[in-house]
Every structure is written in C-alpha cells, then in structure tokens.
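K.L.:
So that we are looking at the same thing, I have put the structure below in structure tokens.
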Amino acid sequence: MYGLVAIWTSLETTVLQTFGPTAAYGAPALGGALAFSALYYAGRRRERGRRASIRGFVRSVFAPRIILHPSSFVDMKLWTLNAIVLASAYGMLGWGLFYWRDRIDSGLTRVLGAHAPTPLSAWIVLTIATVLQLLAYELAYWLAHYAFHKIPALWEFHKVHHSAEVLTTLTELRQHPVEILAFVNLIGLSTGLVFGVMTYVFGPGVQPFTLLNGNILLMMFLLTYGHLRHSHMWIAFTGTVGRILQSPAHHQIHHSDDPRHFDKNLGYSLALWDWAFGTLAIPSRMREPITFGVGEESSRFHSTIGSCLWPAARSGAHLARHFRRPSAPTATPVAPPPR
C-alpha cells in the first residue's frame, strides 16, 4: 500500500510540475504560443487581403489533418511516457548545473587558490551570466544534436524524433529516453562549467536575469514561438535575424526528409552555433514544400514499444559491427547509414 501511495505522489508531483506556471507545458508557455499563432494567422490573412475569423483561426492552428494524423497519436504516447512517467527518473539520473558548478568552483579554488570576487556592478554580472548561460546551453544542445545525427549508433535513437510525419507541440518529447538523458547531462555539464568559472571569478550567488525561474532569454523564446518549432506554421526569420535566432521554419527544415536539409539547423533557440559551424540553412520567407519522416522506416516507430526497443537493438548492432575485428578483408564495402 505504501508503495502505491509513493508512486501516486510521484506522479502527482510530476503532473503538477509539467503543467505548472513555470513549466514548458504550463499556461504561460502554451498561452504565449497561442497568442503568437494568432498574430501569425492575422498577418497572413491580411497579406492575402482576407478577413480573419475565430473559426478560421481554430481550423488553421488545430488542423484536423495534423491533430488526427497517426503520427500525432505516437507523439501523445511518447510525450506521456517522457513527461509524466519517466520525468522523475530523468531528474535522478541527471548531473545538473549546480553539481558541476560546485565541482568546477572547488576545483579552481584547489588549483589556483581562493579568488576575491571581481568588483563589478550586479547588473553587469547578471547580464554576463544571462548571456553566457544561454550560449553554453545552446552549444551543449548543438553538440549533442550534432553527435546524434553523425554517429550511427546515436542516430538510431534520434531517429525516433525524426520519424514524426507531422509536427505538433508534443513532438518535442517524441524522443527516446537515451537521447533525453544524453542531452540533459551534456547541458548540465556545459552550463555548470560556465557557472563554476563565474562563481570563482564573481563570487557565490552569481545567477542570470530570470523570468518564471528560468533564464530570461530562454524563457522569452519559450513564451512566444518556442512551441511552434514543431508545428505546421511557416514562421521564417531571414537575413541577419535568421543567423541569430532559430525560427519555426528553421526547425521544420531540420525535420525535412530532403537530403539537402540533412544535419541542418541543429540549435534550439539560437542559430549562432549553426552559423559558426556551417550547419545553418536559412528558410525563405515563403513556405517551402517540405515533407517529414524517415521514409519507409517511419512505420517502425508507430508504437511506443517499437520506438523504445527498435533503436536500442539497431544501436547495439552498430556498436557490435564497430568493435568486431574482421577475420578477413571484406570484398564488398558496407553502405554507410543514412545521414
């Protein structure tokens, strides 16, 4: 009985955290995405000389062909698995920002000796911390994303995400648990390293400007168009802005099944690292004809069990081939995996 109560309490806490005011799927974030969608819809109607209506907005944003697509139901199942069922496990298995911050700070103190806090105004320190945390977060996200595209054994796990044939807000968590754990830990290491150095330089208590308990820049992204990255709305940032910020159209290009778009736009909210490393593809202002998925393999990910077990088996096969010593030279070369 005690075990059931503990499980229920854990699930209840997770649900409240998932839909709380500061959560990614809380009312502020989803409300912001809806408001941004309304502005986009009204602007598009005005460009075409047509009148906007509430009914037209609902049909445009909640298009039945998207909501009722079989791929959307897979999104719902994997979102429930990752956001509700396994959320606590991810937290326990993640080495977060604070852990690495303290390790880095104590390590620098041990090696270099104690450091008197640098005498800068609080506003300057807060600004530096805000920008550096975002850049560290984005760099870790880019590196993890690049690895999951380029390393065949990791691509098998990331393929779950790319198997989506339509994009919805819930596609964000259409991911394999292995991928989530890898991203969480690398981001924790990267941001913790930055805050460890800043703690050593500026003193304890250094933090960024915050909004809803998160980095204000990252939260502004999430509270506006962040959830529209996985959507059918072609909102494109071009020119200089398109080299700095990831728009929903950037990420739709990332999900494209066209080989020209493979391994492009790997950032989360910023396009800066894509620009720096040559993986940026700026979208055109007008919608590009794009289809999603991983071809015939998409059918392998139509169930929750298949989405969890199939990538593990395929990844294991890649690792076995990599570490197996060939007994004799192979006459026919093995074709490389996609992407």
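The values are calculated or read from the model by the stated rules, or taken from the named source; none is laboratory data. These numbers were taken from a predicted model, which means no experiment stands behind them. Please note: Cβ atoms are built from the backbone with ideal geometry, for glycine as well, and neighbour counts cover all protein chains shown.
K.L.:
Restricting to the range 98-111, count the residues that are farther than 15 Å from Asn185 by Cβ, touching a residue at least 24 places away in the same chain (Cβ under 8 Å) and out of contact with any helix residue (DSSP H, G or I) (no Cβ under 6 Å at 6 or more places or on another chain).
P.N.:
Matching residues across the range 98-111 total 3.
K.L.:
Here is a further query. Of all the residues that make up the range 306-321, how many are exposed (fewer than 13 other Cβ atoms within 10 Å of the Cβ) and touching a Lys or Arg at 6+ places or on another chain (Cβ under 7 Å)?
P.N.:
Counting residues in the range 306-321 that are exposed (fewer than 13 other Cβ atoms within 10 Å of the Cβ) and touching a Lys or Arg at 6+ places or on another chain (Cβ under 7 Å) gives 0.
K.L.:
Kindly indicate whether any position in the range 76-88 is modelled with pLDDT under 90, small (Gly, Ala, Ser) and part of a helix (DSSP H, G or I). Break it down into steps so the answer makes sense when it comes.
P.N.:
In the first step, residues of the range 76-88 are kept if they are modelled with pLDDT under 90; the result is 84-88.
Subset that is small (Gly, Ala, Ser): 87-88.
Checking which are part of a helix (DSSP H, G or I) leaves us with 87-88.
Yes, some residue in the range 76-88 is modelled with pLDDT under 90, small (Gly, Ala, Ser) and part of a helix (DSSP H, G or I).
K.L.:
In the list Leu135, Leu112, which residue meets the criterion of being within 20 Å of Asp274 (Cα to Cα) and surrounded by fewer than 18 Cβ atoms within 10 Å (Cβ to Cβ)?
P.N.:
Details: Leu112 fails: within 20 Å of Asp274 (Cα to Cα).
Unique residue meeting the criteria: Leu135.
K.L.:
Right, next: Could you say which residue among Val131, Val111, Val160 is more than 21 Å from the chain's Cα centre (by Cα) and at pLDDT 95 or above? Before you say what the answer is, go through the steps one by one.
P.N.:
Values: Val131 fails: more than 21 Å from the chain's Cα centre (by Cα); Val160 fails: more than 21 Å from the chain's Cα centre (by Cα).
Only one candidate qualifies: Val111.
K.L.:
Checking the condition under 28 Å from Leu30 (Cα atoms) and acidic (Asp, Glu), which residue from Asp258, Asp274 passes?
P.N.:
Asp274
K.L.:
Can you name the residue in the range 269-294 that is among the aliphatic types (A, V, I, L, M) and under 23 Å from Leu154 (Cβ atoms) and, of all such residues, is surrounded by the fewest Cβ atoms within 10 Å (Cβ to Cβ)?
P.N.:
Here is the first cut: in the range 269-294, the ones among the aliphatic types (A, V, I, L, M) are 270-272, 276, 280-282, 286, 290, 294.
Now drop any that are not under 23 Å from Leu154 (Cβ atoms), which leaves 270-271, 276, 280-281, 294.
Numbers: Leu270: 22, Ala271: 26, Ala276: 12, Leu280: 20, Ala281: 18, Val294: 22.
Only one residue tops the list, namely Ala276.
K.L.:
Does the range 67-97 hold any residues that are under 26 Å from Asn185 (Cβ atoms) and either surrounded by fewer than 13 Cβ atoms within 10 Å (Cβ to Cβ) or out of contact with any helix residue (DSSP H, G or I) (no Cβ under 7 Å at 6 or more places or on another chain) (or both), and which are they? Show your work before the answer.
P.N.:
Pass one, the range 67-97, residues under 26 Å from Asn185 (Cβ atoms): 74-75, 77-97.
Listed by number, the residues that qualify are Thr80, Val85, Ala89, Gly91, Met92.
K.L.:
Then there's this: Please go through the range 256-268 and pick out each residue that is touching a Leu at 6+ places or on another chain (Cβ under 8 Å) and surrounded by fewer than 22 Cβ atoms within 10 Å (Cβ to Cβ).
P.N.:
Across the range 256-268, the qualifying residue is only Lys264.
K.L.:
Can you name the number of the only condition in (1) over 15 Å from the mean Cα position of the chain (by Cα); (2) without any contact (Cβ under 8 Å) to a residue 12 or more places away in the chain that Met219 fails?
P.N.:
Condition not satisfied by Met219: (1).
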